[in-house]
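Read the structure below first, then the notes.
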């Protein structure tokens, strides 16, 4: 009897040593649980068993089983640690119903890990005290192995989470480098979408840019019409936090109906400048907080680059405009006469000052022969190169026609027809020209909608208004009329553009026709150059401190 | 400059894309072009050989997501082969193995395409 006890004890002992070696040789949980069950099966000759471990939620669930059907496993009662410690009615019912006979809590010094439950012995003999002791020993050895494997599992998960985080960060880093080098909105959007669909494993997405009033769907794999109708009703700029789940469904059910699962705003300084919509994950896994953070971060990077790209474009556009203006200014400068011809019978002085934004003032003095001289002033509508080119056309027409010896009103008809043919988009020219004739002591002029020049003769002022419509609006239907005024020695004619009379001071008050008329009346005894200087000085005095908004041009003729 | 290279080979009805170097946001457009030209020529059976790929970023992964549906809609697929452990790890982290087939070797992936004929 004693000998038998001894051999059993030795058999038990060597089995335990084997078991201990084996189970501690691996840190794999499944391996450990399997071996605990198999060792029990071998020792007790049972065919059924399961090990249930407590999970994160504090409840026990079956982690390994043998000889038990899936249905039975599924019917395992919901138990927590306290239920295990105290006799649980549900557990006892579960056991008796499924022919399970003994159970033992698996615990370590740090707490309860779970429970092992074994079926009836194959031999139908009940478990002896000795058997129960053996089971106790096995669970004690096994518990350490289980705890270790659980810890390793946990570490693996932590490691994996860390890996995922590192991966996200390196993606973000990669993108931030890339985004900063791109200045195309389309390219940035493309990269943004690739990163999101690659990182989140989705194929449905949309990128929308918006501000308080507008939105622009840049990319969409959702029904674009539905999105459009949704965002017409709802202002996207009001979404300033990521929306998902119930929060999204309750506020924007239309979006969830189209398949959108997350909406992440792209913010600059707390203001929503765009939205990223993401649909269902292809592997059907739910989105995590970390996923939403990722979308938020890439969105933030992208929107800053997009903002930079549009600023860059604006700057380019500005530079182009500046260049355009400079070309126009050069053209304009070259169109004005370098030198005013010296005449025996009259003194002519001219002044032109271009505004920073080039306008289209033009004047010309063309000597036809020893006795006759053409004097012209014009204001071409529009600004920049277009105005300058129209002015160049006008100059060419004017110079060509002046040599033709055609009557000035007939010539005006022709110039208007030419200008009308050559302008587009509502450009026009206000124009005044006249011919000084020494023999006839006269000035024959046509005024095509220009500010009437002032003719001062013996202290009396007349406005030279006769003519017709401004040039360039339509071909000549009503011929231009001309008028001839006689000139006597000492007469002045003051030609000017609206840049003078409409010059504004800091309070936006215009210089006005009245002030000009008053001034020239008092200065009419002076020379042409002195009159023009007085006008310019007075205009400058008026506009002191304000920006010059238009070209200022004036021409003064003084009859000797 | 970024060291990246895409090379396409014909193996029967299958096209093998070989990737080399670093596939990131900067180089992703090259791969995009390759896929576009494959689709233009109606080649939908694609095996991507990662043997010489050292690094892939999420923008690179995104390219595969962007084209896989087109391939499958045209009874083709994108299959991945010869990945080193680091690169596979990234695919694995983001859950790609649930959606794509991965093979140890290019030939196995090509065989899979041919068997499904």
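The values are calculated or read from the model by the stated rules, or taken from the named source; none is laboratory data. Predicted model only: the values in this text are computed from it and were never measured. As a convention, Cβ positions derive from the backbone with ideal geometry for all residues, glycine included, and neighbour counts pool all protein chains shown.
The rows are residues; the columns are (1) under 29 Å from residue A:391 (Cβ atoms); (2) outside any helix (DSSP H, G or I); (3) in contact with a strand residue (DSSP E or B) (Cβ under 6 Å, 6 or more places away or on another chain).
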| site | (1), (2), (3) |
| --- | --- |
| A:301 | no, no, no |
| A:304 | no, no, no |
| A:309 | no, no, no |
| A:317 | yes, no, no |
| A:321 | yes, no, no |
| A:327 | yes, no, no |
| A:338 | yes, yes, no |
| A:342 | yes, yes, no |
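Among the residues of the range A:157-178 satisfying the criterion of being facing another protein chain (nearest Cβ under 8 Å) and under 20 Å from the mean Cα position of the chain (by Cα), which is surrounded by the most Cβ atoms within 10 Å (Cβ to Cβ)?
Residue satisfying both the conditions and the ranking: A:175.
Working only within the range A:191-218, note down all residues that are within 14 Å of chain B (Cβ to nearest Cβ) and out of contact with any helix residue (DSSP H, G or I) (no Cβ under 8 Å at 6 or more places or on another chain).
A:204
Yes or no: residue A:284 within 14 Å of chain B (Cβ to nearest Cβ) and either more than 30 Å from residue A:183 (Cβ to Cβ) or under 16 Å from the mean Cα position of the chain (by Cα) (or both)?
yes
Only one of (1) surrounded by fewer than 13 Cβ atoms within 10 Å (Cβ to Cβ); (2) part of a strand (DSSP E or B) fails for residue A:42. Which number is that?
With respect to (1) surrounded by fewer than 13 Cβ atoms within 10 Å (Cβ to Cβ); (2) part of a strand (DSSP E or B), residue A:42 is out only on (2).
For the range A:218-248, name all the residues that are in a helix (DSSP H, G or I) and either surrounded by 15 or more Cβ atoms within 10 Å (Cβ to Cβ) or under 20 Å from the mean Cα position of the chain (by Cα) (or both).
Once the filter is applied, which keeps residues that are in a helix (DSSP H, G or I) and either surrounded by 15 or more Cβ atoms within 10 Å (Cβ to Cβ) or under 20 Å from the mean Cα position of the chain (by Cα) (or both), the range A:218-248 yields A:224, A:226, A:227, A:228, A:230, A:231, A:232, A:236, A:237, A:238, A:248.
From the list A:413, A:405, exactly one residue is assigned to a helix (DSSP H, G or I) and more than 27 Å from residue A:330 (Cα to Cα). Which is it?
Only one candidate qualifies: A:413.
Here are some conditions: (1) within 27 Å of residue B:99 (Cβ to Cβ); (2) surrounded by 15 or more Cβ atoms within 10 Å (Cβ to Cβ); (3) in contact (Cβ under 8 Å) with a residue 40 or more places away in the chain. Residue A:185 meets all but one. Which one does it not meet?
(1)
Considering only residues that are part of a strand (DSSP E or B) and closer than 22 Å to residue A:190 by Cβ, look in the range B:19-33 and name the one that is modelled with the highest pLDDT.
B:19
Please enumerate the residues belonging to the range A:530-555 that are modelled with pLDDT of 90 or more and under 26 Å from residue A:448 (Cα atoms).
A:531, A:532, A:535, A:536, A:539, A:553, A:554, A:555
Being within 11 Å of chain B (Cβ to nearest Cβ) and modelled with pLDDT of 80 or more narrows it down to one residue among A:226, A:221; which is it?
Exactly one of A:226, A:221 is within 11 Å of chain B (Cβ to nearest Cβ) and modelled with pLDDT of 80 or more, namely A:221.
Answer with yes or no whether residue A:61 is under 60 Å from the mean Cα position of the chain (by Cα), closer than 30 Å to residue A:156 by Cβ and part of a loop (DSSP other than H, G, I, E, B).
Answer is no for this residue.
Among the numbered conditions (1) in contact with a strand residue (DSSP E or B) (Cβ under 8 Å, 6 or more places away or on another chain); (2) closer than 27 Å to residue B:67 by Cβ; (3) at pLDDT 85 or above; (4) surrounded by 20 or more Cβ atoms within 10 Å (Cβ to Cβ), tell me where residue A:265 comes up short.
Of the numbered conditions (1) in contact with a strand residue (DSSP E or B) (Cβ under 8 Å, 6 or more places away or on another chain); (2) closer than 27 Å to residue B:67 by Cβ; (3) at pLDDT 85 or above; (4) surrounded by 20 or more Cβ atoms within 10 Å (Cβ to Cβ), the odd one out for residue A:265 is (2).
Within the range A:87-201, considering only helices (runs of 4 or more DSSP H) that don't extend past its boundaries, which have at least 1 residues that are under 30 Å from residue A:287 (Cα atoms)?
A:129-181, A:185-200
Consider the range A:418-446. How many of its residues are over 24 Å from residue A:489 (Cβ atoms) and at pLDDT 90 or above?
Number satisfying all stated conditions: 4.
Would you list the strands (runs of 3 or more DSSP E) that sit entirely within the range B:45-117 and hold 2 or more residues that are in contact with a helix residue (DSSP H, G or I) (Cβ under 6 Å, 6 or more places away or on another chain)?
Here the list reads B:45-56, B:77-81.
It is to be established whether one or more residues within the range B:26-36 are surrounded by fewer than 20 Cβ atoms within 10 Å (Cβ to Cβ) and at the interface with chain A (Cβ under 9 Å from one of its Cβ atoms).
Within the range B:26-36 (the criterion being surrounded by fewer than 20 Cβ atoms within 10 Å (Cβ to Cβ) and at the interface with chain A (Cβ under 9 Å from one of its Cβ atoms)), the answer is yes, since at least one residue qualifies.
Which of the residues spanning the range B:34-44 are under 10 Å from the mean Cα position of the chain (by Cα) and part of a loop (DSSP other than H, G, I, E, B)?
Within the range B:34-44, no residue meets the criteria.
Could we say that residue B:16 is under 13 Å from the mean Cα position of the chain (by Cα), outside any helix (DSSP H, G or I) and touching a residue at least 60 places away in the same chain (Cβ under 8 Å) here?
yes
Output the residues belonging to the range A:331-368 that are surrounded by fewer than 16 Cβ atoms within 10 Å (Cβ to Cβ), in contact (Cβ under 8 Å) with a residue 24 or more places away in the chain and more than 22 Å from residue A:530 (Cα to Cα).
Selection gives A:356, A:367, A:368.
Considering B:64, B:50, B:113, B:103, which residue is modelled with pLDDT of 90 or more and under 21 Å from residue A:175 (Cα atoms)?
Testing whether each residue is modelled with pLDDT of 90 or more and under 21 Å from residue A:175 (Cα atoms) leaves just B:64.
Go through the range A:520-542 and give me each residue that's touching a helix residue (DSSP H, G or I) at 6+ places or on another chain (Cβ under 6 Å) and farther than 15 Å from residue A:493 by Cβ.
Hits for the range A:520-542 are A:534, A:538, A:539.
Residue B:79: away from every other protein chain (no Cβ under 14 Å), surrounded by 14 or more Cβ atoms within 10 Å (Cβ to Cβ) and closer than 23 Å to residue A:285 by Cα, yes or no? First the steps, then the outcome.
Details: away from every other protein chain (no Cβ under 14 Å): yes; surrounded by 14 or more Cβ atoms within 10 Å (Cβ to Cβ): yes; closer than 23 Å to residue A:285 by Cα: yes.
When the stated conditions are applied, residue B:79 passes them.
Does the range A:486-505 contain any residue that is in the same structural domain as residue A:429 (by TED's automatic domain parsing), modelled with pLDDT of 90 or more and at positive phi?
So far as the range A:486-505 goes, yes, one or more of its residues are in the same structural domain as residue A:429 (by TED's automatic domain parsing), modelled with pLDDT of 90 or more and at positive phi.
State the number of residues belonging to the range A:495-538 that are more than 54 Å from the chain's Cα centre (by Cα) and not in a helix (DSSP H, G or I).
Residues meeting the conditions: 4.
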